[in-house]
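These notes concern the structure reproduced below.
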């Protein structure tokens, strides 16, 4: 896929070999994940992409990681798009695929 078709903050769901994969542009960092929530094995790539609150002092909320956290549209479980880690259940992770960009074209290895 041409890099120009994936501006910062956007995503595309594509086929890569036998897999359906979500490709995300996280402000210049390209990541690709399997379109499958590890919680209930449902499509996740259509979920809300946002940030999260960080641990902070009582009565304050520190917002961070904007555009790097995806929520499963079925059950709301949140995952870090960069690491794949689930924010509420450490044993669950998104499956990542290797990505490379050459000559302004994105390649996903599936």
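Please treat every number below as a calculation from the coordinates, not as lab data. Note that the structure is a prediction, hence the values are computed from the model and not measured. Backbone-built Cβ (ideal geometry, glycine too); neighbour counts: all protein chains shown.
Brief remarks on what is shown
- FRET efficiency for residue 83 and residue 3, using Cβ-Cβ distance with R0 set to 22 Å, rounded to 0.05: 0.45
- In terms of Cα atoms, the Rg and Dmax of the stretch 3-108 work out to 14.3, 49 Å.
- With R₀ fixed at 22 Å, the C-beta to C-beta distance from residue 100 to residue 19 puts the FRET efficiency at about 0.85.
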